[in-house]
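The values are calculated or read from the model by the stated rules, or taken from the named source; none is laboratory data. Bear in mind the structure is a predicted one, so any value in this text is a computation, not a measurement. Positions of Cβ are generated from backbone atoms using ideal geometry, with glycine treated the same way; all protein chains shown enter the neighbour counts.
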């Protein structure tokens, strides 16, 4: 299954093709924080509370994500949710699994 989204300037140098993307769980947020954030709708699979942190598992028909959130967040299984992925923090892998691009800027 494919998911299409606009490329920001960091990703615009990629050749056409299919890629796999990765991101650190602590970089995904519940509110937008950058102009290049990709809004993703999904359902909560699990809210795993560990001390003062929450690991929130979210899925939709294209992907599964884990968010690492500071604080205790109470979500119910199968609740709809929107999360925000800063595309400038994406790791990009080609079809063979080789790193094609790593994040180049902070923020």
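Using the structure shown, decide if residue 78 is surrounded by 16 or more Cβ atoms within 10 Å (Cβ to Cβ) and either modelled with pLDDT of 95 or more or within 28 Å of residue 4 (Cα to Cα) (or both). When the stated conditions are applied, residue 78 does not pass them. Counting only strands (runs of 3 or more DSSP E) wholly contained in segment 1-68, the ones carrying 3 or more residues that are over 25 Å from residue 96 (Cβ atoms) and out of contact with any helix residue (DSSP H, G or I) (no Cβ under 9 Å at 6 or more places or on another chain) occupy 37-50, 53-59. The set of residues in segment 33-46 being at pLDDT 95 or above and more than 12 Å from the chain's Cα centre (by Cα) consists of 43, 44, 45, 46.
Applying the condition of being over 19 Å from residue 36 (Cα atoms) and either surrounded by 14 or more Cβ atoms within 10 Å (Cβ to Cβ) or modelled with pLDDT of 95 or more (or both) to segment 82-96 and asking which residue is nearest to the chain's Cα centre (by Cα) yields 93.
Do you know which of the residues in segment 13-27 that are more than 13 Å from the chain's Cα centre (by Cα) and on the phi < 0 side of the Ramachandran plot is surrounded by the fewest Cβ atoms within 10 Å (Cβ to Cβ)?
Within segment 13-27, the first condition is being more than 13 Å from the chain's Cα centre (by Cα), and the residues that meet it are 13-19.
Those still in the list that are on the phi < 0 side of the Ramachandran plot too: 13-16, 18-19.
Numbers: 13: 9, 14: 13, 15: 7, 16: 4, 18: 7, 19: 15.
Ranking the candidates gives 16 first.
Sub-8 Å Cβ pairs linking a first residue in segment 11-23 that is in contact (Cβ under 8 Å) with a residue 40 or more places away in the chain to a second residue that is surrounded by fewer than 10 Cβ atoms within 10 Å (Cβ to Cβ) and in a loop (DSSP other than H, G, I, E, B), at least 6 apart or interchain, are 18/2; 20/97, ordered by first then second residue. If the condition is being over 29 Å from residue 10 (Cα atoms) and surrounded by 15 or more Cβ atoms within 10 Å (Cβ to Cβ), then segment 28-48 contributes 44, 45, 47. Filtered by the rule that a residue be part of a strand (DSSP E or B) and in contact (Cβ under 8 Å) with a residue 40 or more places away in the chain, segment 70-107 gives 81, 82, 83, 84, 85, 86, 91, 92, 93, 100, 101.
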